[in-house]
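One structure below.
The values are calculated or read from the model by the stated rules, or taken from the named source; none is laboratory data. What you see is a predicted model; the values in this text were computed from it and never measured. Note that we place each Cβ from the backbone using ideal geometry, even for glycine, and neighbour counts take in every protein chain shown. Ligands, DNA and RNA are stripped out before the accessible areas are found, and what is left, the full protein with its side chains, is counted by its heavy atoms. Shrake-Rupley method; radii C 1.70, N 1.55, O 1.52, S 1.80 Å.
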Amino acid sequence: AKINQVFIFTRISDARKEEYGIIKNKIDNLTVYSINNTFRHCSSLSEYYDNDSINRKFEELLKEVSPDVVHIQHLVFLSTGIMKIIEKNNIPIVFTLHDYWLICPKWHLLKSDWSVCKKAADSAYDSECFDCLSGIINISKKTAKFYYLTKNILPGFLLPGLRKIYFFVSRRFSDKNDHVDMLKERIQKIKSCLRYVNIFLAPSEYLRKKFIEFGIPAEKIELSRNGLNISLFARPQDKKSSGKIRFGFIGTILPGKGLHILIKAFNQIKNDNLELLIYGALRFYAGYEDYLVNLRKIAKNKNIKFMGEFDN
């Protein structure tokens, strides 16, 4: 932004604002366009990943800005159709891959028991996928509006119960065979859009390998590790001394981070001279609302401490 014009297109969720309304802000040298998407108008799985209303709004802004290149960070809560619009306007695309949402709607290739799922990358969907993804697969206008509006009102501890009701209703009126077809259609549509991307960036070898297995040509995915501002550690002598060796976890509390594995490992340590400090907040992604509660239950070592969230 110091030497170029930079425009950002991102999503917000505000039930008080017009659905798909655009809010324009200037932040330092950045022009930020925020589109409001609460899903209250969402009536199908396909609208969850390819939304015509968002596509139209994005195309209007693209013509207004007329960028030389578009760098996509994520399309969740936006629309994969954005890639097709960019290509149609002959603009090159860089796409940084951060997780596995393009492969599976569940984002992290984890089953309900937090074990690694190997089916989605091969599009080998079956009844187990239906049970894992039913809340997403069975989106309808009424149930989605009820769920997404209600979850903004209810306290966090009631959300697991709300989810169970939502899943029960959605499963009651569903056909597993239709849903396997819907998941396969999602993969086909996404792959057809991914071919418009000029270069992908992957922050890890593992993630790069997974997307090569998914079908992206290896020569189109470059390894580009996430940067770290090492100046933050320029004065180690300023670190507060302690009688204990301290291990730290900093991040969003989600199963994909592997925090349950870290806690189980730390439970086996008998030395009181070590402690684990966990910094971060639980985000209420579908399926993981009770994750933090379970972590607290399995944390048997008294030197495991949940410190809450701190500002960036």
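Here are the numbers for the structure shown:
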quantity: Scope region 32-57; condition touching a strand residue (DSSP E or B) at 6+ places or on another chain (Cβ under 6 Å) and surrounded by fewer than 17 Cβ atoms within 10 Å (Cβ to Cβ); matching residues; calculated: VAL32
quantity: Pick from region 264-273, criterion under 11 Å from ASN303 (Cβ atoms) and modelled with pLDDT of 95 or more, ranking: surrounded by the most Cβ atoms within 10 Å (Cβ to Cβ); calculated: PHE266
quantity: Some residue of region 296-305 being open to solvent by less than 20 Å² (accessible area, probe 1.4 Å) and closer than 20 Å to TRP114 by Cα; calculated: no
quantity: Tally of residues being open to solvent by 70 Å² or more (accessible area, probe 1.4 Å) and not in a loop (DSSP other than H, G, I, E, B) across region 280-295; calculated: 1
quantity: Leading residue by the ranking (modelled with the lowest pLDDT) among those in region 214-226 that are under 20 Å from the mean Cα position of the chain (by Cα) and open to solvent by 90 Å² or more (accessible area, probe 1.4 Å); calculated: ASN226
quantity: Number of positions in region 76-88 that are buried (at least 18 other Cβ atoms within 10 Å of the Cβ) and in contact with a strand residue (DSSP E or B) (Cβ under 9 Å, 6 or more places away or on another chain); calculated: 5
quantity: Search result, residues across region 185-210 that are within 14 Å of ASP50 (Cα to Cα) and not small (Gly, Ala, Ser); calculated: GLU185, ARG186, ILE187, GLN188, LYS189, ILE190, LYS191, CYS193, LEU194
quantity: Region 227-259 - residue that is among the hydrophobic types (A, V, I, L, M, F, W, C) and part of a loop (DSSP other than H, G, I, E, B) and, of those, farthest from the chain's Cα centre (by Cα); calculated: ALA234
